[in-house]
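Reading through the structure tokens given below for one structure.
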Amino acid sequence: MNIHEYQAKEIFRAEGIPVPPGEVATTPEEAEAIARKFGGTVVVKAQVHAGGRGKAGGVKLAKTPEEAREAARHILALTIKDLPVRKVLVTPAAEIATESYVGVIVDRSSKRAVFMVSPAGGIDIEDVAAKTPEKILRHPVDPRYGLQLYEAMQLAFFLYTDLKQVRAAARIMQQLYAAFVASGGSLAEINPLVTTPEGEVIALDAKMVVDDNELDRRPAIAALRDESSEAPSEVEARKANLTFIKLDGNVGCVVNGAGLAMATMDLVKYYGGEPANFLDIGGSSNPEKVVSALRIITADPSVKAILFNIFGGITRTDDVANGIVTATKVNPLKVPIVIRLTGTNEEIAVKILQENGYTAVTDMDEAVKKAVALATGEKAA
Ligand code: GDP
Ligand code: MN
């Protein structure tokens, strides 16, 4: 789960990390009032679950309250990476001497939380990693001991030479690690961690991603979810208990089981197509899930063909067939559909589909080839 910068800053602040004050506005007038209260130059920042807000025009300096109002008006009208901006953070502007990067992520290969720090902060860290990897220092953390002071100092010396700043940055890293662990984070990031001309070290930006599996035992963190800022398809999928990830292709996939869903995506690519999504309806036999799945997939204008790939075990294929019939009666399909099903109650499923004008195939290769051909507009082989 993504949380907003202002929420991550609250978590960081509670751990003691120096973070500039700030307040959230949903209208230009509110932003103006907050700017007036702070006085002086402020920064107006889009609160949206996407990186690179600066480049997208979502971070603006404003010298007066009126400028803050106009900046907020502009930013609140933006859509950044398909996500509408509904809130802005208004925060007093800091003077910047240097910008560094400090982040901690869960690294699957080392099975540890790994710190990454770089003196080349502010811009895209992915860019730094690709072009000048020597500017990034990585350090895995032993979960039994946490980030020890000597380790934090070592990381901080990679950023600064001034001992006061090194100490400040080391403390911030230990606090960041504490926030990351306490919140069930899969990523916690400060980019940029800045020094001011007076030599202070402060976290100017904050980003945190929380592992969904950690939410059940952390109701206070779970309550930070902002559905108005999430992709509508992902919100609906979560409510329907579907595992759904939007991708860039045009073959909409509805599959039961994560392994089969991966295999289906592989095969779509093998036959020259591109999947529009990963969607696992899971092992249940609920036709409602199929209805939700179809609603989510057909709402995506880039989907040019739909592929059902169902291997009936616990999942009853007749339930899936009923789901398809119900869903398409309410919402007739505008794109072709290819249905492959095999397993539990297959004969009943085929009969239900035939009675409603659908054909089903049992061969996975055949189904995938056909769906790819339909999506690319070629004649099916
Ligand atoms: P991001 O682009 O979404 O990562 O948003 P950031 O909060 O990191 O802001 C992007 C850039 O805007 C920073 O790297 C800074 O260069 C600049 N910026 C943000 N806040 C301030 C501020 O308080 N003062 C100044 N001078 N620049 C800022
Ligand atoms: Mn940033």
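In the range 91-102 there is at least one residue that is within 15 Å of ligand 2 (Cβ to nearest atom) and either under 21 Å from the mean Cα position of the chain (by Cα) or basic (Lys, Arg) (or both). Going residue by residue through the range 37-51, is there one that turns out to be of a type in the set (Phe, Trp, Tyr), touching a strand residue (DSSP E or B) at 6+ places or on another chain (Cβ under 7 Å), more than 11 Å from ligand 1 (Cβ to nearest atom) and in a helix (DSSP H, G or I)? Yes: one or more hits. Test VAL106 against the stated conditions and say whether it is buried (at least 22 other Cβ atoms within 10 Å of the Cβ), more than 10 Å from ligand 1 (Cβ to nearest atom) and assigned to a strand (DSSP E or B). For VAL106, the condition - buried (at least 22 other Cβ atoms within 10 Å of the Cβ), more than 10 Å from ligand 1 (Cβ to nearest atom) and assigned to a strand (DSSP E or B) - is not met. Of everything in the range 60-85 that's under 17 Å from the mean Cα position of the chain (by Cα), of a type outside the set (A, V, I, L, M, F, W, C) and away from ligand 2 (no atom under 15 Å from the Cβ), which residue is farthest from ILE202 (Cα to Cα)? Applying the filter and picking the extreme gives ASP82. If you go through the range 187-197 one residue at a time, do you hit one that is closer than 30 Å to PRO119 by Cβ, within 16 Å of ligand 1 (Cβ to nearest atom) and not in a strand (DSSP E or B)? Looking through the range 187-197, at least one residue is closer than 30 Å to PRO119 by Cβ, within 16 Å of ligand 1 (Cβ to nearest atom) and not in a strand (DSSP E or B).
With respect to (1) surrounded by 23 or more Cβ atoms within 10 Å (Cβ to Cβ); (2) charged (D, E, K, R); (3) without any contact (Cβ under 8 Å) to a residue 40 or more places away in the chain, the lone exception for LYS60 is condition (1).
Which helices (runs of 4 or more DSSP H) does the range 231-316 wholly contain that include 3 or more residues that are closer than 16 Å to VAL368 by Cβ and not polar (S, T, N, Q)? Walk me through how you get there before you give the answer.
Numbers: elements: 232-239, 258-270, 287-298.
In the range 231-316, the matching helices (runs of 4 or more DSSP H) lie at 258-270.
Of everything in the range 57-80, what is assigned to a loop (DSSP other than H, G, I, E, B), small (Gly, Ala, Ser) and within 16 Å of ligand 1 (Cβ to nearest atom)? Give them in sequence order.
GLY57, GLY58
Here the range 198-227 is the region considered, the condition is being touching a Pro at 6+ places or on another chain (Cβ under 8 Å) and acidic (Asp, Glu), and the residue that is nearest to ligand 1 (Cβ to nearest atom) is ASP205.
Set side by side, the residues GLY16, GLY57, GLY22, GLY40 differ, and just one is within 16 Å of ligand 2 (Cβ to nearest atom) and in contact with a Lys or Arg (Cβ under 9 Å, 6 or more places away or on another chain), which is GLY22. Residue count for the range 157-198 under the criterion of being away from ligand 2 (no atom under 16 Å from the Cβ) and under 24 Å from ARG108 (Cα atoms): the result is 13.
Rule-based calculations on the coordinates, nothing more; no lab input. Quick caveat, the model's predicted, so the values are computed rather than measured. Ideal geometry is used to build each Cβ from the backbone, glycine not excepted, and the neighbour counts take in all protein chains shown.
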